[in-house]
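Some notes on the structure that comes next.
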């Protein structure tokens, strides 16, 4: 069965090129030139991955991404001409898996798609049902994390990061390894995004986020989730 990809971009010429190229790469491709149309196709077809432009008339890519994330943790790659770090952090906070700045090569996009699909498939195949780390319980099947039996309200990216650390509880995990597992090997300047998400997680799981006892920094190396 071929992998189903939805591409949403108001540039119809780019849409045509992407559809032709990705179909040659053996993907089943759906296209939409507006955000609302893209959402309708997403609801109807349930693709395996979404490639989504940010700047579109009407419903922009940020809103489309937020709507998708209300229902699904499907991988999302944002396509945009905006390269500002604030925009990238906004995307990661919404749960974007990767961020490609225009202009880009079709080969680069395809490589990033393969990396994300491979990573998410491996995560699904290798996941245990639950992990318990002190007062934190991670239920991979329900996609739920509880702290002292109360469910945490986490974004998909926060969930992935905390789940990776929980699976290796008590072990120092190197920063670049975390970046690769959460965002992929192609992530540039991933250290800033990782520090931001560590800060966000500490606000939710620490009694005193300024003096973390559960999610600790291993200076010069990475992070560790304590038992």
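The values are calculated or read from the model by the stated rules, or taken from the named source; none is laboratory data. Fair warning: this is a prediction, and the values are worked out from it, not measured in the lab. When we count neighbours, we look across all protein chains shown, and the Cβ atoms used for this are built from the backbone with ideal geometry, even at glycine.
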Legend entry - So residue 177, is it surrounded by fewer than 20 Cβ atoms within 10 Å (Cβ to Cβ), more than 19 Å from residue 145 (Cα to Cα), in contact (Cβ under 8 Å) with a residue 12 or more places away in the chain and not assigned by TED's automatic domain parsing to the domain that holds residue 101: yes
Inset, instruction - Quick one: in region 74-98, of everything that is over 16 Å from residue 161 (Cα atoms) and part of a helix (DSSP H, G or I), which residue is modelled with the highest pLDDT? - result: 90
Legend entry - Residue check, residue 204 surrounded by fewer than 16 Cβ atoms within 10 Å (Cβ to Cβ), part of a helix (DSSP H, G or I) and not assigned by TED's automatic domain parsing to the domain that holds residue 115: yes
Inset, instruction - Please note which strands (runs of 3 or more DSSP E) are completely contained in region 99-199 and include at least 3 residues that are over 22 Å from residue 52 (Cα atoms) and modelled with pLDDT of 90 or more. - result: 136-139, 144-147
Inset, instruction - Looking at (1) in contact (Cβ under 8 Å) with a residue 60 or more places away in the chain; (2) surrounded by fewer than 18 Cβ atoms within 10 Å (Cβ to Cβ); (3) more than 30 Å from residue 108 (Cβ to Cβ), find the lone condition where residue 192 falls short. - result: (3)
Legend entry - So residue 50, is it closer than 19 Å to residue 33 by Cα, in contact with a strand residue (DSSP E or B) (Cβ under 9 Å, 6 or more places away or on another chain) and either at pLDDT below 90 or not assigned by TED's automatic domain parsing to the domain that holds residue 37 (or both): no
